[in-house]
1. Does residue 136 satisfy being farther than 30 Å from residue 72 by Cβ and buried (at least 17 other Cβ atoms within 10 Å of the Cβ)?
2. Looking at the structure I just gave you, is residue 192 of a type outside the set (A, V, I, L, M), assigned to a helix (DSSP H, G or I) and surrounded by 13 or more Cβ atoms within 10 Å (Cβ to Cβ)?
3. Please go through segment 167-212 and give me each residue that is of a type in the set (Asp, Glu), in contact (Cβ under 8 Å) with a residue 12 or more places away in the chain and over 24 Å from residue 242 (Cβ atoms), ordered by number.
4. Return the residues of segment 1-35 that are open to solvent by 50 Å² or more (accessible area, probe 1.4 Å), over 16 Å from residue 93 (Cα atoms) and at pLDDT 80 or above; say none if nothing qualifies.
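The values are calculated or read from the model by the stated rules, or taken from the named source; none is laboratory data. In this text the structure is predicted, and so the values were computed from the model without any measurement. Quick reminder, even Gly has a Cβ in these numbers, built from the backbone with ideal geometry, and neighbours come from all protein chains shown. The accessibility values were calculated without ligands, DNA or RNA, using every heavy atom of the protein model including side chains. Shrake-Rupley method; radii C 1.70, N 1.55, O 1.52, S 1.80 Å.
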Amino acid sequence: ARSPVFAQMTTRPRVEPRTPWDCAICLATPEEEVHQCHRGHYYCAGCLAGLPQRRCPLCRVALPEDPIRSLAAEQAIAALPSRCDHCALELTFGQRRSHERSCPQRPAVCEAADDGCGWRGIHADLEAHEAGCRHALCRRVLRGAEARWATERDALRSHIERVEAANRAVEARLRRLEERRVSEEEAQRSRTRALSERVRRLEQQATAAAARPRPGRQLPQLAEIASIKRRIEDELAMYMNMQRGAPANMLLASMAQPAPPDAPEGAAAIAPAPAAAPSPSTPPPAR
């Protein structure tokens, strides 16, 4: 099978008369950069880049990795006489390419060729045709609508980016609030456990004080124990109310009352209610 380079060498037509600087691959006069091998054979830069093997096709010398550019050949080719393929204007080979890009006789098609307009002509008549072509008119209208749509699309994308950034900030704030809530709940549970432990110790102290017999003081001592127990229950109820939103100053006011002199140890923080007066049938305590 023939290689693509060989097919290009045998099928590409010659556009200029043979010169000493013709490409050894496509056999045409180079129109861009001119490269050469170590023995002076010239190539187009594009043809040299497409070689399957890095060897000169004429002398089979290995080509260097960095191409050797021949500025002298490029200057000589640019000074060769030539003419425009469209208007037959006489000019040099170097001037021909820049002239053909702006030549008024160069071929042109309608800008709405993809939309169904089949007009073909020269560039000098293109403006007059597009002024009355309905396909070109629709194309211009669509181009304006596409420009507006692109502007609105960019604005919408910017708005979406701002909204997404705000959402990310809100999510980060929600995460911080959730962490704070968990931390406060843990602290609240710790305070509840501490208060429950305090109530348990007070109950133990009250039970121990009630178990210690005191001659002549059994009934008042039992009243004091009952009062302390009621105070403990009231304090626990107030704390639970405070957990549900009750004002905390009620608990502080109850804790600020002084304890009786003969209250058991540890019950000074909870003021017992005044002891009930002995009934008339109760004998007075022994002195």
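1. Values: farther than 30 Å from residue 72 by Cβ: yes; buried (at least 17 other Cβ atoms within 10 Å of the Cβ): yes.
So residue 136 fits the description; yes.
2. yes
3. Residues satisfying the conditions do not exist here.
4. Here is the first cut: in segment 1-35, the residues open to solvent by 50 Å² or more (accessible area, probe 1.4 Å) are 1-2, 4, 6, 8-15, 17-18, 20-21, 27, 31-33.
Checking the rest, the ones that are also over 16 Å from residue 93 (Cα atoms) come to 1-2, 4, 6, 8-13, 27.
If the condition is that a residue be open to solvent by 50 Å² or more (accessible area, probe 1.4 Å), over 16 Å from residue 93 (Cα atoms) and at pLDDT 80 or above, then 27 is the only one that fits.
Every residue, every condition in (1) closer than 30 Å to residue 76 by Cα; (2) out of contact with any helix residue (DSSP H, G or I) (no Cβ under 8 Å at 6 or more places or on another chain); (3) open to solvent by 80 Å² or more (accessible area, probe 1.4 Å), yes or no:
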| residue | (1), (2), (3) |
| --- | --- |
| 86 | yes, no, no |
| 91 | yes, no, no |
| 120 | no, yes, yes |
| 142 | no, yes, yes |
| 158 | no, yes, no |
| 163 | no, yes, no |
| 166 | no, yes, no |
